[in-house]
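Peer 1: Got a structure here, written out as C-alpha cells. Questions coming.
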Amino acid sequence: MMNKPNPKTFFSIPKANSVRRVSLGKQLSILTIIILLLFVSIGYVLQSRLEQTQLILNELTLTTIPAMNSSTRSALKSSELLSALESLTSATTPAERRIAEQEVQKKLNESTENTANTNQTEILLLKAIQEETKHLNLLIDQKLDSAYQINAYLDTLWGLKKRTEQINIEHNKDLKKEYDQLTQWKIAFLEVISLAYRIETVERLSDLQDIHRTLEHYLKTLSSLDKQLSVEAKKKVRPIYTSLRSILSDPENLTELQANYLRITGRARGREHFIRNMISDYSNITNQLSLNEHNNLQNKAAELDQRMKNQKIWFISGFMLLASMVIATLAFYSHAIKRLKKLTQKIHHMTKDSSNTSLYMDEIDELFQAFDEFSETIDMQTRRLEKLSLTDSLTHIANRRAFDQHLLEQLSNQKNNQNDLSILLIDVDYFKQYNDLYGHISGDEALQKIATALKSVTNKETDLIARYGGEEFVVILPCKSAAKAKQVAEKMHNALNLADIEHKGSQIYQTITISIGAVTKHQNEVTNTDTLMKKADTALYHSKHLGRNRTTHINDI
C-alpha cells in the first residue's frame, strides 16, 4: 500500500524551482490501478482456489463416491447372494428350484454389473461363483429327479399294498390251509413293503446296503411262500410279486435310486459349501475395498472442509480490500456462489439428503452443512463396516480380531488392573469326526448351536464370547476370579448338555461336549496377551489329556 500523501502537497501553490508534483487525476489513476491490480490479484487467487476446490469436488462426485457406493453395494449383495443360494439348495420342487435359480442369477448379474469397473480379483471370483452355481444347479436338478423317481416307486408300492389287501379266500374248514398260506404270504409281503418304505429315510450308504440285503432275503422268503400257494392264489399274487421284485431287484431298483440320491446330495452339499466359501472371500474383499474408499473419502472431505473455511476468509478479505469495486466483486461472487450451489446440490443428491436449509444460511453455510451431513453418512457406514469386520459371519458372535482388541484393551486399562480377569479357551470334542460323520453343513449348524448355548450363560454387558478359530471359542470374563470362572465353565457344560446335539462319532458321549482351559490374571499382576493365551492353551491340553468334557484351570495343574 502507498503512504498517505500529505494534504499540503495537493493544495499548496507551486513555487519556482519546486519539485513537480503529481496531479490529483494521476494520483487517482494510480490508486485505481493499484485497486484494480489488487482486485485482479485477489480474483486470481480466489479463482485458483475455487478451481482446486472444483477439482477435489469433481474427484469426489465422479470417482471416490461412486467407488465407495459400488463397494458398499457389493458388500450388501454378497449377503443377499448367500440367502438366494440357501433357497436354491433347499428347493424341494422343480418350480422352487427354477425360482431360486433365477434369483441367484439375478444377484450374480447385479454383482457383476456393480463390479464392472473394479479390480480383476472381484470379477474373476464372481465368474468362478457363476460357474460353480451352474454345476450346483445341475446337481440339484438331478437330486429332484431322483426324488421324483423314488416317490413314484413308493406310490407304486402303495398301490401294490392296496391290491394285496383286496385278495381274499373264503375262510372255511376245507380251505383253511390255503387261507393260512395266503395270510402268511400277505404278512411277509407287508414286511417287505414296510422295510422298503424305510429306504426313503435312510441317510447313510452302509445302512442302505444292509436294508437291500434284508430285502433280498425277504423276497426269497416271499418267493418260497408263493410256491406253497394254491393255483388260484398264485394267479392273484404272481403279478403283484413280479411288480414288487421289479421295483426292489432290477438294476434301477428303489435302493439304487436312494443311494444315487444320497451321493448327489453329498456332492451338492460339498459344492454349496465351496460356493459359500467363495462368496465369503468375495464379501471380505468388497468390505476391505469399501473400508479403504471410506477412509479416502474422509481424508478428502476433511481437506475440502478446510479449503472451504479458507475460502470464506478470502471472500471476507476481498470485500474489505475492494470496497470500491463492489459491483465487480459481487458479480464474481455471484458467479462463484452459483457454482458452489450447484456442487452443494450434487452432494445433497449423492447423499440423498432431503432436509430443508435455513432461510438465514448463505451458500457457503449450505455447503458446510452438506459436508457435515456427508461426513455423518460416512461415519455411519464406517461404523457399520467396522461392526461387520469384528463379527464372525457363521455364528454371529465376535471374531478373533474383536477378541484380540478387547483383551488388549482390558490389559491396557489401568482401572481393570485392580480386578481379576479370567479367560476360558473352549474346544469342541471330536469335531473333526462330527464333520466326517454328518457333513460340513451340519458341522456349521452345530457351531451355531454351540455358540448360542455358550452365549446364553455369559453376561452380555461385561463378558465377551468370540469364535477363536475353527471349532475353538474363547470367553473374556472381567472381574471374575478363578472360582467364578470355573462356575461359568460348568454352566457352559450344562448348557451343552441341554442343547443335546447328537454326536455318534464321539468316543466319550453320544452328544457334543466341550473341553475348557481356564486362566486368571490376578489384580495388579503384570502380564500380556501371549502369556495368558499360552497358559489357557496349556490348561485346555490337560483337559483333553484327562479325557475331555471337563474344565481345567491353569492353577490346578
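The values are calculated or read from the model by the stated rules, or taken from the named source; none is laboratory data. Predicted, not measured: the structure shown is a model, and the values here were computed from it. Neighbour counts are summed over all protein chains in view; Cβ atoms, including those assigned to glycine, are modelled from backbone coordinates with ideal geometry. Just the protein is used for accessible areas: all its heavy atoms, side chains included, with ligands, DNA and RNA removed. Shrake-Rupley method; radii C 1.70, N 1.55, O 1.52, S 1.80 Å.
Peer 1: Determine the share of segment 266-322's accessible area contributed by carbon and sulfur atoms, expressed in whole percent, with a 1.4 angstrom probe. Before the final figure, lay out each step's value.
Peer 2: On the way: 1570 of 2970 Å².
Answer for segment 266-322: carbon and sulfur cover 53 percent of the accessible area.
Peer 1: Give me the accessible area per residue for segment 240-299, probe 1.4 Å, as a whole number in Å².
Peer 2: Computed with neighbouring chains in place, this is 46 Å² per residue.
Peer 1: For segment 437-557, with all protein chains present and a 1.4 Å probe, just round the carbon and sulfur fraction of the accessible area to a whole percent. Each step should come with its number before you reach the end.
Peer 2: Working: 2870 of 6120 Å².
The nonpolar share, carbon plus sulfur, comes to 47 percent.
Peer 1: Then there is this: Expressed in nm to one decimal, what extension gain is obtained for the pair GLN298 and SER246 from 0.36 nm per residue of sequence separation less their Cα-Cα distance? Walk me through the intermediate numbers first.
Peer 2: Numbers: separation 52, 0.36 × 52 = 18.72 nm, distance 7.29 nm.
Extending this stretch completely gives an extra 11.4 nm.
Peer 1: Explain nothing, just compute: Karplus ³J(HN,Hα) = 6.51 cos²θ - 1.76 cosθ + 1.60, θ = phi - 60°, for every residue of segment 540-554 in order, whole Hz, x for Gly and Pro.
Peer 2: The phi angles translate into 5, 4, 5, 4, 5, 5, 7, x, 6, 6, 7, 10, 10, 8, 4 Hz.
Peer 1: Provide the per-residue ³J(HN,Hα) series for segment 375-381, in order, calculated from phi with Karplus coefficients 6.51, -1.76, 1.60 and θ = phi - 60°, each as a whole number of Hz, with x at glycine and proline positions.
Peer 2: Once rounded to whole Hz, the list reads 5, 4, 4, 5, 4, 4, 5.
Peer 1: Over the heavy atoms of THR112, what accessible area does a 1.4 Å probe trace out, to the nearest 10 Å²?
Peer 2: Taking all protein chains as shown, THR112 has close to 60 Å².
Peer 1: For HIS217, what charge total do you get from the other residues with a beta carbon under 12 Å from its beta carbon, if Lys and Arg give +1 and Asp and Glu give -1?
Peer 2: Values: positive: ARG213, LYS220; negative: GLU191, ASP210, GLU216.
Local charge sum for HIS217: -1.
Peer 1: Continuing with this model, one more query. Counting only protein chains, not ligands or nucleic acids, how are MET533, MET492 ordered by accessible area (probe 1.4 Å), most first?
Peer 2: On the way: MET533 20, MET492 0 Å².
The most accessible residue leads, giving MET533, MET492.
Peer 1: When all protein chains stay in place, what accessible area (Å², nearest 10, 1.4 Å probe) is found for ASP537?
Peer 2: 80 Å²
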